[in-house]
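Peer 1: Starting off with a structure, shown below.
The values are calculated or read from the model by the stated rules, or taken from the named source; none is laboratory data. Keep in mind the model is a prediction, meaning the values are calculated, not measured. Cβ coordinates were reconstructed from backbone atoms using ideal geometry, including for glycine residues, and neighbour counts include every protein chain displayed.
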């Protein structure tokens, strides 16, 4: 009779087993990386100063968004609202006139930690280029499921912002 477990002796993990464990950890659902998405540049026929005045305070956005989301609340540097059952809390964490506003997700509600910038680049006296840059902490599965949707949404938001600013009396 042949000995049991021949070739399956207990041994310490070798290099290939350690590599396999690291590879599995890299694909683990809990492993996240910071992903960057950038919108297309949008032209706004206003000065960067005019645009910055509007976007640098959440309470300035109340007339534009309060009827588009549920439970909108805003002050100068923070806002919250509900969208598809999620409560979204946002904070302005940095700003430099008239160049950018940096916004970060707050505690609770949204299952993704993110930061995004509204960047302004003057191109002429009444001509500004705007783009949105999003950094989101995503695991591999989320990246595969929503990465393309985030890019599309960012482009749509930038386009809608430019359209609103080009068509409104600020």
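Peer 1: Only one residue in 164, 160 is out of contact with any strand residue (DSSP E or B) (no Cβ under 9 Å at 6 or more places or on another chain), in contact (Cβ under 8 Å) with a residue 40 or more places away in the chain, assigned to a helix (DSSP H, G or I) and over 22 Å from residue 33 (Cβ atoms). Which one?
Peer 2: Result of the check over 164, 160: 164.
Peer 1: Do the conditions hold for residue 98, that is, is it farther than 30 Å from residue 33 by Cα, in a strand (DSSP E or B) and at pLDDT 95 or above?
Peer 2: For residue 98, the condition - farther than 30 Å from residue 33 by Cα, in a strand (DSSP E or B) and at pLDDT 95 or above - is not met.
Peer 1: Would you point out which residue out of 138, 61 is at pLDDT below 95 and more than 20 Å from residue 161 (Cβ to Cβ)? Don't jump to the end; show me each part of the working.
Peer 2: Numbers: 61 fails: more than 20 Å from residue 161 (Cβ to Cβ).
Of 138, 61, the one residue that is at pLDDT below 95 and more than 20 Å from residue 161 (Cβ to Cβ) is 138.
Peer 1: Would region 141-151 turn up any residue that is in a strand (DSSP E or B), surrounded by fewer than 18 Cβ atoms within 10 Å (Cβ to Cβ), touching a strand residue (DSSP E or B) at 6+ places or on another chain (Cβ under 7 Å) and touching a residue at least 12 places away in the same chain (Cβ under 8 Å)? Reasoning before the result, please.
Peer 2: So the first thing to find is which residues in region 141-151 are in a strand (DSSP E or B), and the list is none.
So far as region 141-151 goes, no, none of its residues is in a strand (DSSP E or B), surrounded by fewer than 18 Cβ atoms within 10 Å (Cβ to Cβ), touching a strand residue (DSSP E or B) at 6+ places or on another chain (Cβ under 7 Å) and touching a residue at least 12 places away in the same chain (Cβ under 8 Å).
Peer 1: Checking the conditions here, which among 120, 154, 134 is surrounded by 15 or more Cβ atoms within 10 Å (Cβ to Cβ) and outside any strand (DSSP E or B)? Spell out the reasoning first.
Peer 2: Working: 120 fails: outside any strand (DSSP E or B); 134 fails: outside any strand (DSSP E or B).
Criteria check complete, one pass: 154.
Peer 1: Follow-up. Those residues that are surrounded by fewer than 13 Cβ atoms within 10 Å (Cβ to Cβ) and out of contact with any helix residue (DSSP H, G or I) (no Cβ under 7 Å at 6 or more places or on another chain), I need them from region 94-117; list them, please.
Peer 2: 94, 96, 107, 108, 111
Peer 1: If you take the residues in region 112-126 that are modelled with pLDDT under 95 and within 20 Å of the chain's Cα centre (by Cα), which one is nearest to residue 49 (Cα to Cα)?
Peer 2: So the residue we want is 116.
Peer 1: Looking at residue 52, is it at pLDDT 95 or above and part of a helix (DSSP H, G or I)?
Peer 2: Against the criterion (at pLDDT 95 or above and part of a helix (DSSP H, G or I)), residue 52 qualifies.
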